[in-house]
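These notes concern the structure reproduced below.
The values are calculated or read from the model by the stated rules, or taken from the named source; none is laboratory data. If you're wondering where the values come from, they're calculated on a predicted model, not measured in any experiment. Please note: Cβ atoms are built from the backbone with ideal geometry, for glycine as well, and neighbour counts cover all protein chains shown. What goes into the accessible areas is simple: the full protein's heavy atoms, side chains included, and nothing from ligands, DNA or RNA. Shrake-Rupley method; radii C 1.70, N 1.55, O 1.52, S 1.80 Å.
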Amino acid sequence: MSNSETQETLETAIARQNDAGLVYIFDTTLRDGEQCPGAAMTEDQKLEVAHRLEALGVDVIEAGFPVSSPVQFRAVQRVSRELEAPIIAALARAVPRDIEVAADALKDARRKRIHTFLASSPIHMKYKLGKEPHEVLELAVQAVKQARDYVDDVEFSPEDATRSEWDFLVELVTRVVEAGATTINIPDTVGYTTPEEYGALFAHLIKHVPNSQNIRFSAHCHNDLGMATANSLAAVKNGARQIECTINGIGERAGNTAMEEVAMALRTRGEFYGLHTNIRTEEIIRSSRLIRQVTGMSVQPNKAIVGDNAFAHESGIHQDGVLKNRLTYEIMTPESVGLESNRMVLGRHSGRHAFKDRLVRLGYILEEEEFQQVWNRFLDLADKKKEVYDEDILSLVNDAQSDQDFQRYELSSLHVSAGSGSVPTATVRLIDRENPEEPRTITDAACGDGPVDAIYNVLERLTGLAIKVDRFRIQPLSEGRDAQAVASVLLKIGDRSFAGKATSTDIVEASARAYLDAINRSFTAQTEEITETL
Ligand code: KIV
Ligand code: ZN
């Protein structure tokens, strides 16, 4: 992007700030989203996601929790240095060192925000903090004052707000606003509230907190009862003007509010809400796919907006209706979220030009060297399967890009024998880059209950790691009996979880590669030790 384009984006973003009908989209994929099992990202991946969020048009990016680990600190620092238009937020407990470290990580951001939080519910104050309400009030005020010494934009969150006493919340919010908080976020930390109750809480706070018209109130919902989106929308109906959310709704337990759902609800039902966001909704699918790729977490086919079936009309009656008039069964167009409706399938005879053109339409402009790698992979794949779909092409690009990351283990060869009446056996050869200067080859064999179990037994032996498979799934990537399959796993290695994913026309090979992908991610993550947790 050129400097003048960037400048325009920044100026537009600032000018829009005072628009009363604008709902800020505060994206916390890199912080709350990343906290869920297996979603850990490398520093480079976080940067790639941050750039994608900027292209998507989010107003605030919560880039991390800097005190928690050196990776988190550096990610916030790099995002602060590279991004232009969005406000960059960093999370900090109401603790002096957290706030100092957050301010330091944000130092180079053009627009920065410290987001500090402290629990306010009776159960959290008593059992988690061991503090009396008056002590919580004092700590919150001190934290906000300290944060204001570093930045003008301070957000305060009373954690577990929806299980807090309303009178206490009014007092706490009033005090932190007096201390200088500019945004008040009301987290439904445990996903307990309902739309009616949550909406009423916002209305109550806005009515009873002095000068509330000068404050931006914010919704932050978890999806434990499947109501995160509905709750967030009830909040904006009652005066909130910021929604905290994640792409694909990833996050702790059942996840956070899904960005794509609230953005499309506010766009599709604009006449009902009378509100809008800055989200470029045509970028939604591309963003969703990037998050699937970097976290290795797929989305359910019937997931609203971004699921594979979200725009598929299967029944004859529906298809007939849509052909006569799309509005019969379609409330949003696939194009409005960035899905192309007339997809052309590529194959062995498609030329480089057609392939390059398709990549550009999928959002990838690759350097010649990278393009050549992806093209070679495309030719290999087109030899194995007749029709190559967009999903296949995206996975080729993703595989080529993740091959550039450090990989401790690489699958060199795999032989499996299985069949009814025989003992499934796998022989695996790996390249081990413990010392990247001198990679070595290691080989072993093992039996198992089935071919995949046999492979996983060998890999466990070869890597010497104690691994528990928490999830293992195989899904076809596209149509037809020659379709590629995506294998995804969630492995528990030590006390942390790592997701892995791989694609191949051979489901056994995909299973082996997915397992190795998760193991390799655990090595990237281990280079940095976590020092603090939430
Ligand atoms: O869910 C929650 O309470 C949070 C806070 C840290 C805002 O994520
Ligand atoms: Zn949260």
**OP:** Compute the FRET efficiency between Glu271 and Thr441 as 1/(1 + (r/R0)^6), taking r as their Cβ-Cβ distance and R0 = 60 Å, and round to the nearest 0.05.
**Re:** 0.40
**OP:** Provide the descending list of Cα extents for the range 405-533 along its principal axes, expressed in whole angstroms.
**Re:** 49, 31, 25
**OP:** Report the relative contact order of the chain, percent, no decimals, based on alpha-carbon pairs under 8 angstrom and at least 6 residues apart.
**Re:** 12 percent
Original post:
Summing -39500 (n - 2.57) over the DSSP H runs of n ≥ 4 in the chain and dividing by its residue number, what mean residue ellipticity at 222 nm do you reach, to the nearest 500 deg cm²/dmol?
Top reply: -12500 deg cm²/dmol
**OP:** Calculate how steeply helix 259-268 sits against the longest principal axis of the alpha-carbon atoms of the chain, using the helix alpha-carbon long axis, and give the answer as 0 to 90 degrees to the nearest 10.
**Re:** 70 degrees
Original post:
In the range 123-260, what % of DSSP beta bridges are antiparallel (nearest 5)?
Top reply: 10 percent
Subject >> Cβ charges +1 (Lys, Arg) and -1 (Asp, Glu), total dipole of the chain, debye >> reply: 520 debye
Original post:
How much of the accessible area of the range 3-295, probe 1.4 Å, is carbon plus sulfur, in whole percent?
Top reply: 49 percent
Original post:
Which lysines have a Cα lying under 25 Å from the Cα of Lys386, excluding residues fewer than 8 positions away in the same chain?
Top reply: Lys356, Lys501
Subject >> nm² value of the averaged projected area, convex hull over the Cα atoms of the chain >> reply: 27.3 nm²
**OP:** Take the alpha carbon atoms of the range 139-166, find their center, do the same for the range 486-505, and report the distance between the two centers in whole angstrom.
**Re:** 37 Å
Subject >> Heavy-atom accessible surface of the range 468-508: percent carbon and sulfur, 1.4 Å >> reply: 48 percent
Subject >> Nonlocal amide H pairs with Val388, under 5 Å, H built at 1.01 Å >> reply: Leu346, Gly347
Subject >> Between helix 284-295 and the chain: long-axis angle, C-alpha atoms, 0 to 90°, nearest 10 >> reply: 70 degrees
**OP:** Mind checking the per residue accessible area of the chain for me, 1.4 Å probe, whole number of Å²?
**Re:** 45 Å²
Original post:
For q = 0.10, 0.13, 0.16 Å⁻¹, what log10 I(q)/I(0) does the range 3-295 give under the Debye formula with an equal point scatterer on each alpha carbon and no solvent?
Top reply: -0.47, -0.83, -1.34
**OP:** For the range 448-515, count the residues as N, evaluate 2.2 N^0.38 Å, and divide the Cα radius of gyration by that value, please.
**Re:** 1.13
Original post:
Tell me which aspartates and glutamates have Cα within less than 16 Å of Lys128's Cα, excluding those fewer than 8 residues away on the same chain?
Top reply: Glu159, Asp160, Glu532
Original post:
Once phi is turned into θ = phi - 60°, what whole-Hz ³J(HN,Hα) does the Karplus curve with 6.51, -1.76 and 1.60 give for every residue of the range 376-391, x standing for Gly and Pro?
Top reply: 4, 5, 4, 4, 4, 5, 5, 6, 8, 10, 5, 10, 10, 9, 4, 4
**OP:** Take the Cα radius of gyration of the range 312-401 and divide it by 2.2 N^0.38 Å, with N its residue count; two decimals is plenty.
**Re:** 1.33
**OP:** Can you list which of the GluC sites (Glu not before Pro) found in the range 335-384 are DSSP loop residues with at most 11 other C-beta atoms within 10 Å?
**Re:** Glu367
**OP:** Find which of Pro86, Ala40, Gly338 sits farthest along the positive direction of the dipole of the chain, computed with +1 on the beta-carbon of Lys and Arg, -1 on that of Asp and Glu, about the Cα centre.
**Re:** Gly338
Original post:
Can you work out ³J(HN,Hα) from phi for every residue in the range 232-242, in order, using Karplus 6.51 cos²θ - 1.76 cosθ + 1.60 and θ = phi - 60°, giving whole Hz and x for Gly and Pro?
Top reply: 5, 5, 5, 5, 5, 5, 10, x, 5, 10, 8
Original post:
Taking the mean number of other Cβ atoms within 10 Å as a proxy for protection, how do you rank 406-415, 87-96 from highest to lowest?
Top reply: 87-96, 406-415
Original post:
So what J values fall out for the range 442-458 if you push phi through Karplus, 6.51 cos²θ - 1.76 cosθ + 1.60 with θ = phi - 60°, rounded to Hz, Gly and Pro as x?
Top reply: 10, 9, 7, 9, 7, 9, x, 6, x, x, 5, 4, 4, 4, 5, 5, 5
**OP:** Using DSSP, restrict attention to beta bridges with both residues in the chain and report what percent are antiparallel, rounded to the nearest 5.
**Re:** 50 percent
Subject >> Built amide H within the under 5 Å cut-off of Ala119, gap 5+ >> reply: Glu159
Subject >> Protection proxy ranking of 300-312, 113-125, 261-273 - average other beta-carbon atoms within 10 Å, highest first >> reply: 113-125, 261-273, 300-312
